[in-house]
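Everything on this sheet refers to the single structure shown next.
The values are calculated or read from the model by the stated rules, or taken from the named source; none is laboratory data. Keep in mind that what you see is a predicted model, and the values were worked out from it rather than measured. Glycine gets a Cβ as well: all are built from the backbone with ideal geometry, and neighbour counts include every protein chain shown. For accessibility, only protein heavy atoms count, side chains too; no ligands or nucleic acids. Shrake-Rupley method; radii C 1.70, N 1.55, O 1.52, S 1.80 Å.
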Amino acid sequence: MAAAAAASSVVKRAAAAAGASSRGLLLARAFASGVGGGGGEKAKRVLVPVAAGTEPIEAAATADVLNRAGARVTVATADPPGDDGLVVQAAYGVKLVADGRVADLQGESFDLIALPGGMPGSVGLRDCKALEKMVKTHAENGGLYGAICAAPAVTLAYWGMLKGLKATCYPSFMEKFTAEVIPVDSRVVVDRNAVTSQGPGTAIEFGLALVEKLYGKEKMEEVAGPLYLRPQHGAEYTIEELNSVEWKCGSTPQVLVPVANGSEEIEAVNLIDVLRRAGANVIVASVEEKLQIVTRRHKFNLIADMMLDEATEMQFDLIVMPGGLQGAQKFASTKKLVDLLKKQAESNKPYGAICASPAHVLQPHGLLKGKKATAFPPMLHLLTDQSACEHRVVVDGNLITSRAPGTATEFALAIVEKLFGRDKAVSIAKELIFM
């Protein structure tokens, strides 16, 4: 069980690093500059292939975490060419725009190839002959590779790439491992050059294990710190609730998630994915001049469902914003969105924000007046009332706030709990392998 123990130590070190106040906050934007994590060395190249039905939390978290380490991440579609160009219809209605096609990258050299899961996304990856050839050649040359959720069993094991190795996957797919695989029930398993993990709720841990293999322990801890991970992975989530009120809504809650260039992808995708899993009707609205937005960290491209102008004609049970400093600043300067938020608060209807958005949107527009809230820890000084800011998720009446990418799943689950009840939220937390 040495491989599982090693992976467990990665997770524990990452959790310890999450307690650091601000170490790693000044990471260079290596994707833009083309250099790695120090000394001017060339950035390591990472391929994250995606396909129709890919699990978006896993794709976004893997790309985000690796980019934070300084890797140059390419998201490439394994889908055959079609009318949608590079648009990938990921799971739960999330629309991604890939950087290119796997078929066009043959002959390219990567330091890591990391496969997100999801169904039928894992099947789409499995059936892509160009990808199979790339990954096999990469592995034969001693390259690092990984997969999460269904992909270890459905894709890597099918290709014969886990023979004699310890590996894990989404629990219900463990029986699909071929006889040559040594199954391990662990959140992340590292065995030689193969890294495997279990599901959306372990995606950040998976990304950090890949960072440690590529860059070492120190870089992994540097990346983990500003994510503000849970101290104990897999534990039951908790929320700090004050002035408890029932969030009234219909049987299908209507939720608005605005997005902007610079929105944090882990936070945005968690909100969309988790709330849609629960049964909410989530409308993703762009506050930019077009539907396609470019997120903060990876230049991860998302396509919104509609423009904000169209959404202003609708009624919502909840308006909730992801963070990312650039995105939050855009939200704060978008009068139509601010007016929607003020109307929501005046009507005693739920609204919320995570990371930079409580400090840069809600606070300056008076939407935290008389409320307890939290935000991204380096921005807490911007809050007038900091008395509840040490909590990971804070609910005060009809307001909900949270801290960072590492609290994004808890934030989404807390919203599910308020809209649908604790049992529903716990069920989804277990489905995600978060608990």
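Within the stretch 171-229, if we keep just the residues that are touching a Gly at 6+ places or on another chain (Cβ under 7 Å) and β-branched (Val, Ile, Thr), the residue that is surrounded by the most Cβ atoms within 10 Å (Cβ to Cβ) turns out to be Thr196.
Restricting the stretch 100-124 to residues that are small (Gly, Ala, Ser) and in a helix (DSSP H, G or I) leaves a set whose member that is surrounded by the fewest Cβ atoms within 10 Å (Cβ to Cβ) is Ala103.
The number of residues in the stretch 314-326 being out of contact with any Pro (no Cβ under 9 Å at 6 or more places or on another chain) and surrounded by 24 or more Cβ atoms within 10 Å (Cβ to Cβ) comes to 1.
Quick check on Thr238: is it open to solvent by 30 Å² or more (accessible area, probe 1.4 Å), of a type outside the set (A, V, I, L, M, F, W, C) and not in a helix (DSSP H, G or I)? Considered against the rule, which asks whether it is open to solvent by 30 Å² or more (accessible area, probe 1.4 Å), of a type outside the set (A, V, I, L, M, F, W, C) and not in a helix (DSSP H, G or I), Thr238 comes out as yes. Across the stretch 341-375, the qualifying residues are those that are over 26 Å from the mean Cα position of the chain (by Cα) and not in a loop (DSSP other than H, G, I, E, B), and the one among them that is nearest to Gln254 (Cα to Cα) is Gln344. Starting from residues that are part of a loop (DSSP other than H, G, I, E, B) and among the acidic types (Asp, Glu), keep the ones in the stretch 310-340 and report whichever is farthest from Gly70 (Cα to Cα). Taking the candidates together, the pick is Glu313. Just one of (1) open to solvent by less than 20 Å² (accessible area, probe 1.4 Å); (2) in contact with a strand residue (DSSP E or B) (Cβ under 8 Å, 6 or more places away or on another chain) fails for Leu383. It is (2). Consider the stretch 80-99 and keep the residues that are within 22 Å of the chain's Cα centre (by Cα) and open to solvent by 30 Å² or more (accessible area, probe 1.4 Å). The one that is nearest to Gly201 (Cα to Cα) is Tyr92. When the stretch 247-261 is filtered for residues that are modelled with pLDDT of 95 or more and either closer than 19 Å to Asp317 by Cβ or buried (at least 22 other Cβ atoms within 10 Å of the Cβ) (or both), the ones remaining, listed by number, are Trp247, Thr252, Pro253, Gln254, Val255, Leu256, Val257, Pro258, Val259, Ala260.
Taking Pro377 as the residue in question, decide whether it is more than 17 Å from Leu275 (Cα to Cα), open to solvent by 10 Å² or more (accessible area, probe 1.4 Å) and at pLDDT 95 or above. Working first, answer last.
Numbers: more than 17 Å from Leu275 (Cα to Cα): yes; open to solvent by 10 Å² or more (accessible area, probe 1.4 Å): yes; at pLDDT 95 or above: yes.
It is true that Pro377 is more than 17 Å from Leu275 (Cα to Cα), open to solvent by 10 Å² or more (accessible area, probe 1.4 Å) and at pLDDT 95 or above.
Quick check on this structure: which one of Gly85, Gly124, Gly107, Gly100 is in contact with an Asp or Glu (Cβ under 8 Å, 6 or more places away or on another chain) and not assigned by the TED database to the domain that holds Leu271? Only one candidate qualifies: Gly124. Considering Thr137, Thr62, Thr74, the condition of being among the hydroxyl-bearing types (Ser, Thr, Tyr), at pLDDT 95 or above and crowded, with 24+ Cβ neighbours inside 10 Å is satisfied by Thr62 alone.
One residue stands out in the stretch 267-294 among those that are assigned to a loop (DSSP other than H, G, I, E, B) and touching a residue at least 60 places away in the same chain (Cβ under 8 Å): the one that is least open to solvent (accessible area, probe 1.4 Å), namely Ala280.
For the stretch 298-309, state whether one or more residues are surrounded by fewer than 18 Cβ atoms within 10 Å (Cβ to Cβ), at negative phi and either modelled with pLDDT under 95 or in a helix (DSSP H, G or I) (or both). Taking every residue of the stretch 298-309 in turn, at least one turns out to be surrounded by fewer than 18 Cβ atoms within 10 Å (Cβ to Cβ), at negative phi and either modelled with pLDDT under 95 or in a helix (DSSP H, G or I) (or both).
Here is a yes/no grid of residues against (1) surrounded by fewer than 24 Cβ atoms within 10 Å (Cβ to Cβ); (2) of a type in the set (Gly, Ala, Ser); (3) without any contact (Cβ under 8 Å) to a residue 40 or more places away in the chain:
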residue: Cys355; (1), (2), (3): no, no, no
residue: Ala373; (1), (2), (3): no, yes, yes
residue: Val393; (1), (2), (3): no, no, no
residue: Thr401; (1), (2), (3): no, no, no
residue: Phe420; (1), (2), (3): yes, no, no
residue: Glu431; (1), (2), (3): yes, no, no
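Has the stretch 176-185 got any residue that is within 16 Å of Ile433 (Cβ to Cβ) and among the hydroxyl-bearing types (Ser, Thr, Tyr)? Within the stretch 176-185, none of the residues are within 16 Å of Ile433 (Cβ to Cβ) and among the hydroxyl-bearing types (Ser, Thr, Tyr).
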